[in-house]
Amino acid sequence: MGDPMTREDKTTTRTPGPRIQIVRSPEGWTVILLCGALLALPIGTSPFTILGVSALAAWIFTGEIWRKRNRYLREARFLPVLALVLLPWIGLIYSPDPGGLGLNFAEKTYYWLYALAAAGISNKGNRKEYLVKALFLGLLLNAVAGFLQAGGVVPTALRDRYTGFGKGYNTLSILLVLGSLMASYYFKVSDRIRKKLGYLFLMLVFIAHLSILQGRGGYFTFVCLSPIIAYNLAGGKRLWISGLAFIALVGVLAASPMVRERVKELVQDTVNQLRTEKDIAWGKRYHEDDPNQRIDRIYMWRWAIALFLEHPFRGVGTGGFYQSLLAGGGGRGMAHPHNNFLHMAVSYGILGVFALAWLFWVLLKTGWRNRGHPVGFFILSGALVVFVGGLVDTHVLDAGSAFLLAIVTGLVPTFQRHPI
């Protein structure tokens, strides 16, 4: 199954152990607070931020930061994390907006501390799986709130946007796809009918919640990754059954009036965009006259590529996309290009693209090799939703998805080559 787990993990993976011990141990407080943060992750930014920072405080002041130092100091697979921390601060030196967006983006590098805290969690009593179950619970609570909003029982945060407790739907969408992937995994490996039905129910709830959100990026991510869900539902056998399951999953999503309306809007916006002047149609100029005749991402992606080609080795600096776009004659500034790799390319040049690609390579390779283990599949799924969703959104800058990516990265040492 690829890289072996540590000696400690091998002997304790299936041992539940007294649950009271998790509270008494210094590590236990970090685990509990990180679980709380993952539970709150689908609900809103403030709750998970408070719990996440509390987890970091527990990790530091209980001495876990020092006792578990070998989990990250001797783990070569954390090197891309170091690069992703250093690049934003170096980029401030030559950024045209160092005190505004530049500093704002550089400060987000503190999220990588969560990776180090998660790396210190042992696998005693399946503690790392608690993180997955906590995310399940948070998604379920948020889905209930979303369904009540859709039914008119409780008011919505924003008109016609059923998002549960929170106001945003971009991060929530990929979290629901992640929840569906993990529920399909547990469906596949469970040997009891009641458990299988329970995980199937969870998966359908998450898909139903996704279908009442307006996040087209979430639809895109789901369609791209639903073959994995279909494969798990088919038990990893008989590809024709997996194909039928894939068609059924896409059909369930497409049955939603919200989804159909949003896809229809995208098609119409594309047609309108291509009918305009050539400079506007291909993103050289921003269409200010009619908001219904533009696709912002074409504009942002075109300028990100153009600025990267002008500054291929160092980029325009941290948070420099907005000012550089205006200086280049774009007509309207944008904070970031709504694409993970284009953001890294335009901000830090080739090194930025390499650092992010390196991280995803580590995550996907580790997750794939250990996909038969729940933590390994979580690493694989978490990396995939951020990677695929990041093709149409800058998830490395969003608070929720950045936190998720850090936690997933922190679980990589579960499968170290050598005990520590």
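Every number here is computed from the coordinates shown, using simple stated rules; none is lab data. Values in this document were obtained by computation on a predicted structure and should not be read as measured data. In this analysis, Cβ positions are derived from the backbone assuming ideal geometry, glycine residues included, and neighbour counts consider all displayed protein chains.
Straight-line reach from Lys68: taking Cα to Cα under 23 Å and skipping same-chain neighbours fewer than 8 places apart, the lysines in range are Lys10, Lys124, Lys128. When peptides 238-249, 322-333 are sorted by average Cβ neighbour count within 10 Å, with the highest value leading, the order is 322-333, 238-249. Charging the Cβ of each Asp and Glu at -1 and of each Lys and Arg at +1, and nothing else, the dipole of segment 160-251 about its Cα centre rounds to 260 debye. By the gyration tensor of its Cα atoms, with a ≥ b ≥ c the square roots of the eigenvalues, what is the shape of segment 201-359: rounded for a/c under 1.5, prolate for a/b over b/c, or oblate? Cα axes put segment 201-359 in the oblate bin. Using R₀ = 51 Å, calculate the FRET efficiency as 1/(1 + (r/R₀)^6) where r is the Cβ-Cβ separation of Leu239 and Trp66; round to 0.05. After rounding, the FRET efficiency stands at 0.55. Partners of Lys278 within straight-line reach, counting lysines whose Cα lies under 27 Å from its Cα and excluding those fewer than 8 residues away in the same chain: Lys264. Among Met300, Phe387, Ala245, pick out the residue whose Cα is farthest towards the positive end of the charge dipole of the chain, where Lys and Arg carry +1 and Asp and Glu carry -1 on C-beta, about the Cα centre. About the Cα centre, the residue reaching furthest to the positive side is Ala245. With θ taken as phi - 60° and the Karplus curve 6.51 cos²θ - 1.76 cosθ + 1.60 applied, the whole-hertz 3J(HN,Hα) list for segment 45-50 is 6, 4, x, 6, 5, 4 Hz, x standing for glycine and proline. A straight line joining the Cα centroids of segment 226-279 and segment 328-354 runs 28 Å.
When +1 charges are put on Lys and Arg Cβ atoms and -1 charges on Asp and Glu Cβ atoms, the dipole computed for the chain relative to its Cα centre reaches about 1660 debye. Between the C-alpha center of segment 362-381 and that of segment 69-117 there is a gap of 24 Å. Considering helices alone, the calculated mean residue ellipticity of the chain at 222 nm is -21000 deg cm²/dmol, with DSSP H runs of length four and up weighted by -39500 (n - 2.57) and normalised per residue. Using the Karplus relation 6.51 cos²θ - 1.76 cosθ + 1.60 with θ = phi - 60°, the per-residue 3J(HN,Hα) values for segment 330-343 come to x, x, 8, x, 10, 5, 7, x, 6, 6, 4, 6, 5, 4 Hz, with x marking Gly and Pro. Name the shape class, rounded, prolate or oblate, that the alpha-carbon gyration tensor gives for segment 45-120, where a ≥ b ≥ c are the square roots of its eigenvalues, rounded holds for a/c under 1.5, and otherwise prolate holds if a/b is larger than b/c and oblate otherwise. Oblate, since a/c reaches 1.5 and b/c is not below a/b. Placing unit charges on each Cβ (+1 for Lys and Arg, -1 for Asp and Glu) gives the chain a dipole about its Cα centre, and among Leu364, Trp282, Phe341 the Cα reaching farthest toward its positive end belongs to Leu364.
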